[in-house]
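Q: There's a structure below that I have some questions on.
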Number of protein chains: 2
Amino acid sequence: MENFRFNAYTEMLFGKGQIEKLPEVLKRYGKNILLAYGGGSIKKNGLYDTIQKLLKDFNIVELSGIEPNPRIETVRRGVELCRKNKVDVILAVGGGSTIDCSKVIGAGYYYAGDAWDLVKNPAKIGEVLPIVTVLTMAATGSEMNRNAVISKMDTNEKLGTGSPKMIPQTSILDPEYLYTLPAIQTAAGCADIMSHIFEQYFNKTTDAFVQDKFAEGLLQTCIKYCPVALKEPKNYEARANIMWASSMALNGLLGSGKAGAWTCHPIEHELSAFYDITHGVGLAILTPSWMRYILSDVTVDKFVNVWHLEQKEDKFALANEAIDATEKFFKACGIPMTLTELGIDKANFEKMAKAAVEHGALEYAYVSLNAEDVYKILEMSL
Amino acid sequence: MENFRFNAYTEMLFGKGQIEKLPEVLKRYGKNILLAYGGGSIKKNGLYDTIQKLLKDFNIVELSGIEPNPRIETVRRGVELCRKNKVDVILAVGGGSTIDCSKVIGAGYYYAGDAWDLVKNPAKIGEVLPIVTVLTMAATGSEMNRNAVISKMDTNEKLGTGSPKMIPQTSILDPEYLYTLPAIQTAAGCADIMSHIFEQYFNKTTDAFVQDKFAEGLLQTCIKYCPVALKEPKNYEARANIMWASSMALNGLLGSGKAGAWTCHPIEHELSAFYDITHGVGLAILTPSWMRYILSDVTVDKFVNVWHLEQKEDKFALANEAIDATEKFFKACGIPMTLTELGIDKANFEKMAKAAVEHGALEYAYVSLNAEDVYKILEMSL
């Protein structure tokens, strides 16, 4: 096991009605709130009104319209709002995009230069405004971690950044907020969670047994409950387990003690940077292709512990069955499973492959990949 | 899943040589340190000297001789030392006993009355001095949680207390510190970890799937690595996984979202309060008896997921195999598996059974138990 520092300090308030604690949580920081949210689904499902009522004694400034792949322009707008209104704390209500955007706004508030510097170079992140989140989508784990991904579409850049200071102070997770999610978002969210797990599970470090068992348990959670949530959107047990899995999958538990870089996420970030697609969908498409591409004597043993397949002599046949099961699972969840279905062709593959290797340090991944490898994986995903 | 608040905020510094970060960690709080430790094993293995060298710029007051079942008298002594020397932070170097003792000292420092009040009534715990730990034994999970257990031998009381403010700020976990542990302590430590997992795994809440999968993974960790550590005390992989499992087993991950009281721990506390035995040994002895006693139509399904036994029609036969496997495992680890071997007879069973039910709220356990039930479990453990 590699040496590590683990510090997932977010206060997680989980369950029905936890939103009632919001005033008590926010008043720890002050009266001036930036309320950040996305496209307005929280106005449809009543959450916006609930929050307004609960926070009647606070001064609220709103930043709405945060994009599914949040843009640096929106971050800049948020920083200005925070400065102008002397904001004490950012309340992010939404999924990973809203939370990621809020984190970089919180860092940008204390940074004299342009916020894009903080995305390009996390070392420039200093102080960060306190972040409180109300989660309305289970996917990125941003509610309990240091990461943020921001896009700059004019240069086709979608980059991850992060700092321990960007970890949310408190996150409110009420599984009932997932009841009204469109099916594709439930499915894409689970694909994102599963991809986070795969990225950390498939790793050169072989002796982090605790972390691997946690990973398998979380994969089994998604496999068990995603179909239930799709069939019965108001199944509390399914929503609760998926929601908790999303936080556990990327709060450091699975990756601590392991070394090396991720694979599918950097490649997907290029897809999103060029075509603005749904992150989880891109990941679901890439994952089986990547798995097939890297299957070898060295990696084969890692593929068999998740799907509880009947053991057989030929371990490559078993691994292929597991990969097929992964692809079938995503398909059954209603995710379009080819780039062609998303209208993406080879036109930018070369540029994307080069950028993925560069941004993602893919030579340090579970199986080292160069631009040619990534090109082939993209081709297999057509 | 029940509503819950999860906040395991301890900064965990895990791995070889992490002790080097100690000065940097401690200086966050001040110059005056209470160095708390147990019977002196840290003087034999060199850790004491390392710490003295690292902390040459700090003012150190020592509290040594903390007992395996730490006494309230020692807590009181620690409180006095802290007050007299204006201590800023407590550095607990040891296992659960030293850390537990330090937690209550930290709380006692701010409490005007006698520290035993804080054990009898956790609601009286207010502020707590910051606690930093260096772990030298993998067992209680105290390095990452709010709990403390303190004994008062003149009244045969061993009671648990706790407060979110007693969670250590930073814990240093270097698996190499476990290399010199006596075999029985390695085994008893694993039994304690496994008991923590069982206490939370066997629970009336049936839909906390994530938590159950984590529990199964941690049990498998102990089952896999305890025998390795016993055979090869300097096996880093084994020590690292056991050490990390100890923190994960009782930091809130497994119990969040579940309701109800524990069973074997309250019963064991009575054994320790009357006979001052090793906590993990008492737990190992009680566990199979308790399992056999509560096996029923309602509980049978929960027994089969840990030991990877061959499936069979008769699920009671399978459950009994699993219980037998648990007992055999502890025995193979070298733990004396009867109370008789510890020199304990029925003399105090009635008193202990009554006290366990009262202190442990056993009517709210996985299977409700009254004093008569506890008596029978003790009898089965002779």
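The values are calculated or read from the model by the stated rules, or taken from the named source; none is laboratory data. Being a predicted model, the structure only gives us computed values, none of them experimental. Neighbour counts run over all protein chains shown; Cβ positions are idealised from the backbone, glycine included. Accessible surface is based on the protein model in full, side chains and every heavy atom, while ligands, DNA and RNA are left aside. Shrake-Rupley method; radii C 1.70, N 1.55, O 1.52, S 1.80 Å.
Q: Would you kindly identify the helices (runs of 4 or more DSSP H) lying entirely within the stretch B:189-279 that contain at least 3 residues that are away from chain A (no Cβ under 14 Å), crowded, with 23+ Cβ neighbours inside 10 Å and of a type outside the set (Lys, Arg)?
A: Because the criterion is at least 3 residues that are away from chain A (no Cβ under 14 Å), crowded, with 23+ Cβ neighbours inside 10 Å and of a type outside the set (Lys, Arg), the helices (runs of 4 or more DSSP H) in the stretch B:189-279 that meet it are B:264-275.
Q: Based on this model, can you work out whether A:TYR9 counts as touching a residue at least 24 places away in the same chain (Cβ under 8 Å) and under 22 Å from the mean Cα position of the chain (by Cα)?
A: The answer is yes for A:TYR9.
Q: Considering every residue within the stretch A:175-185, establish whether at least one is farther than 23 Å from A:LEU283 by Cβ and not in a loop (DSSP other than H, G, I, E, B).
A: Taking every residue of the stretch A:175-185 in turn, at least one turns out to be farther than 23 Å from A:LEU283 by Cβ and not in a loop (DSSP other than H, G, I, E, B).
Q: Restricting to the stretch A:343-353, name every residue that is surrounded by fewer than 16 Cβ atoms within 10 Å (Cβ to Cβ) and either in a helix (DSSP H, G or I) or among the acidic types (Asp, Glu) (or both).
A: A:ASP345, A:LYS346, A:ALA347, A:GLU350, A:LYS351
Q: Additional query: If A:ALA284 meets every condition in (1) closer than 15 Å to A:ALA188 by Cα; (2) touching a Phe, Trp or Tyr at 6+ places or on another chain (Cβ under 9 Å); (3) open to solvent by 20 Å² or more (accessible area, probe 1.4 Å) apart from one, which number is that one?
A: (3)
Q: Is it fair to say B:LYS302 is open to solvent by 10 Å² or more (accessible area, probe 1.4 Å), touching a residue at least 12 places away in the same chain (Cβ under 8 Å) and among the basic types (Lys, Arg)?
A: yes
Q: Looking at the stretch A:91-104, is at least one residue of a type in the set (Lys, Arg) and on the phi < 0 side of the Ramachandran plot?
A: Scanning the stretch A:91-104, I find at least one residue that is of a type in the set (Lys, Arg) and on the phi < 0 side of the Ramachandran plot, so the answer is yes.
Q: Please give the number of the condition A:PRO164 fails out of (1) within 14 Å of chain B (Cβ to nearest Cβ); (2) within 15 Å of the chain's Cα centre (by Cα).
A: (2)
Q: Then there's this: Count, please, the residues in the stretch B:31-41 that happen to be open to solvent by 20 Å² or more (accessible area, probe 1.4 Å) and more than 19 Å from B:PRO175 (Cα to Cα).
A: The number of residues fulfilling the criteria is 3.
Q: A further question follows. Taking the stated definitions as given, is B:ALA356 aliphatic (A, V, I, L, M), under 25 Å from B:LYS258 (Cβ atoms), part of a helix (DSSP H, G or I) and assigned by TED's automatic domain parsing to the domain that holds B:GLU199?
A: For B:ALA356, the condition - aliphatic (A, V, I, L, M), under 25 Å from B:LYS258 (Cβ atoms), part of a helix (DSSP H, G or I) and assigned by TED's automatic domain parsing to the domain that holds B:GLU199 - is met.
Q: Then there's this: Does A:ALA188 satisfy the criteria of being under 25 Å from B:GLU11 (Cα atoms) and in the same structural domain as A:CYS333 (by TED's automatic domain parsing)?
A: No; evaluated as a whole, the condition is false for this residue.
Q: Can you name the condition, by its number, that B:GLY160 falls short on among (1) of a type in the set (Gly, Ala, Ser); (2) open to solvent by less than 10 Å² (accessible area, probe 1.4 Å); (3) modelled with pLDDT under 95?
A: It is condition (2) that B:GLY160 fails.
Q: Among the residues of the stretch B:1-29 satisfying the criterion of being closer than 18 Å to B:ASP49 by Cα and facing chain A (nearest Cβ under 7 Å), which is surrounded by the fewest Cβ atoms within 10 Å (Cβ to Cβ)?
A: Within the stretch B:1-29, the match that is surrounded by the fewest Cβ atoms within 10 Å (Cβ to Cβ) is B:LYS16.
Q: Continuing with this model, one more query. In the stretch A:196-218, what residues are of a type in the set (Phe, Trp, Tyr) and free of Cβ contacts under 8 Å to residues at least 60 places away in the same chain?
A: Matches in the stretch A:196-218: A:PHE209, A:PHE214.
Q: Is at least one residue of the stretch B:88-95 surrounded by fewer than 16 Cβ atoms within 10 Å (Cβ to Cβ), more than 14 Å from chain A (Cβ to nearest Cβ) and over 19 Å from B:ALA148 (Cβ atoms)?
A: No, the conditions are met nowhere in the stretch B:88-95.
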